[in-house]
1. So, restricting to helices (runs of 4 or more DSSP H) that lie completely within the stretch 203-316, which ones have at least 3 residues that are under 29 Å from I188 (Cβ atoms) and within 16 Å of the chain's Cα centre (by Cα)?
2. Just for strands (runs of 3 or more DSSP E) wholly inside the stretch 94-156: which have at least 2 residues that are touching a Lys or Arg at 6+ places or on another chain (Cβ under 6 Å)?
3. Are any residues in the stretch 420-445 at negative phi, assigned to a loop (DSSP other than H, G, I, E, B) and in contact with a strand residue (DSSP E or B) (Cβ under 8 Å, 6 or more places away or on another chain), and if so, which ones?
4. P198 fails exactly one of the following numbered conditions: (1) of a type outside the set (D, E); (2) at pLDDT 95 or above; (3) in a helix (DSSP H, G or I). What is the number of that condition?
5. So, in the stretch 50-68, how many residues would count as being at pLDDT 95 or above and not in a helix (DSSP H, G or I)?
6. Go through E381, E347 for me and flag whichever is out of contact with any Ser or Thr (no Cβ under 7 Å at 6 or more places or on another chain), on the phi < 0 side of the Ramachandran plot and in the same structural domain as A312 (by TED's automatic domain parsing).
7. Being surrounded by 18 or more Cβ atoms within 10 Å (Cβ to Cβ) and not hydrophobic (A, V, I, L, M, F, W, C) narrows it down to one residue among R106, R122, R78; which is it?
8. Only one of D219, D181, D199 is of a type outside the set (A, V, I, L, M, F, W, C) and touching a His at 6+ places or on another chain (Cβ under 8 Å); which?
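The values are calculated or read from the model by the stated rules, or taken from the named source; none is laboratory data. For clarity, every value in this text was computed on a predicted model and none was experimentally measured. Quick reminder, even Gly has a Cβ in these numbers, built from the backbone with ideal geometry, and neighbours come from all protein chains shown.
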Amino acid sequence: MAEADAQRFRGIEAATGQPIEPDYPISTVADVDAACAAATAAFDAYRETDAEARAAFLEAIGEEIMALGDALLDRAARESGLPLARLTGERGRTVGQLKLFAQVVRDGLWRQVRIDPAMPDRQPLPRADLRMRMVPLGPVAVFGASNFPLAFSTAGGDTAAALAAGCPVVVKGHPAHPGTDAMVAGAIRAAAQRTGMPDGVFGHVAGPGNALGTALVQDPRIAAVGFTGSRAGGLALVRLAQARDVPIPVYAEMSSVNPVVVMPAALAARGAALGTAFVGSLTMGAGQFCTNPGLVLAVEGDGIDAFEAAAAEALGGHAPQPMLTGGIRAAYAEGTAALAGNAAVRELACGQAGDGVASETARLFVTDAAAVRSDPALTEEVFGASSLIVRCRDLDELAAILDTVEGQLTATILLDEADHEPARRLVPILERKAGRVLANGWPTGVEVAPAMVHGGPFPATSDGRSTSVGTLAIDRFLRPVCYQDLPELLLPPELRDGAAGPRLVDGKPA
């Protein structure tokens, strides 16, 4: 364990009066090799499991997680510093998304087949019999996230989507919550055994440093990677995957400042209320949500002073919360210090002082559009409870700044009815920049639902065509195969004449 994380654990232990026992296993590169070999051996059998068996496996994982009871929540709280109420909700979300993917598997819509029957009499050339289905890629490597020890880690969305697609999974546990990961890994193994899944359908390796993750991504038996974490970490995995003899896709969720645009009429009518609500979203979970609102754009005029005053007052009373890792805490301190030291930036408010070991002070800064034009790095992510308000002269200047912002997971617009018409020009920009565009809400919190998109243009993710939340996540671990003129006996069962299940025949539902 890195010394920074060891210090952080000691800080949490001192605050809670409960020790964090190092009772979790430490893996080796040989363990990675063994897990990949087992996953490969399981692949052919697992990919052919019927829908009901695979759905039952996903549901059993949720049941085994729930059977761990309060011991899992207690361990996660001691390792992450997150409150029990937050972790209870996260556990419910984790089990809920497993159930959602179980239903996706049963419905079979993701396996909708396409059949274009032969047309031997077509002129000038006949058409062959063409039948297409989606097949799983192969064993998938999943990297657990620091900020969601349950929902985005060992049994999280990437694991659930890959297992639903028919791909065995090897998880690299996160060193910020190793005991939690080990408990959940045990629950998944128990579910696999209980439902008769092939040995090796799930593997788990854990330990500090980069050697295990490097070996996992470089292993030629791994077919895809799911990752949630920093931009540096995600890009390192992308480079490793692309340097392989056979490159593979990396679905990395990385950095996002999630800009919030406050329109003039809304600002004038309810600037103070919006300022208070903004701080509630900013400081949620010590600001360590990937959808944390780290950038606010507003036009100078009625209400902006009230917005800033209310935000400053709300932030001033904010008590520090434990940060997820020593590295995250150090990076946050460095990022906020750089903002505070910039001559074009003014610190508007700060929260109560942190201990500098496990927690840091929430901070809010303000600047103008000219400063951002001169130094676009001002809009880069500082992961934690830090945000920058950018004052713009008018909507033209605001739109110009918004157009320079990098790709994002979310983009929010706060508006009243009088803002609807002027906001029309901004919506296409927001759409280009983000995977989720929302109005009169706050980006923190991601609903697990079929229509949800938790992704976005680079560098929010390494592949903006996908999502890590919602039923479309299954598509990342599938590929299409077309079967031309195969005899009936050689066709997969779902492509044979008279097979049940959703299908398109000549492009039309049948």
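1. 231-242
2. Hits in the stretch 94-156: 113-116, 130-136.
3. Residues satisfying the conditions are L426, G441, W442, P443.
4. (3)
5. 1
6. Every option except E347 fails the conditions.
7. R78
8. Going through D219, D181, D199 in turn, just one is of a type outside the set (A, V, I, L, M, F, W, C) and touching a His at 6+ places or on another chain (Cβ under 8 Å): D181.
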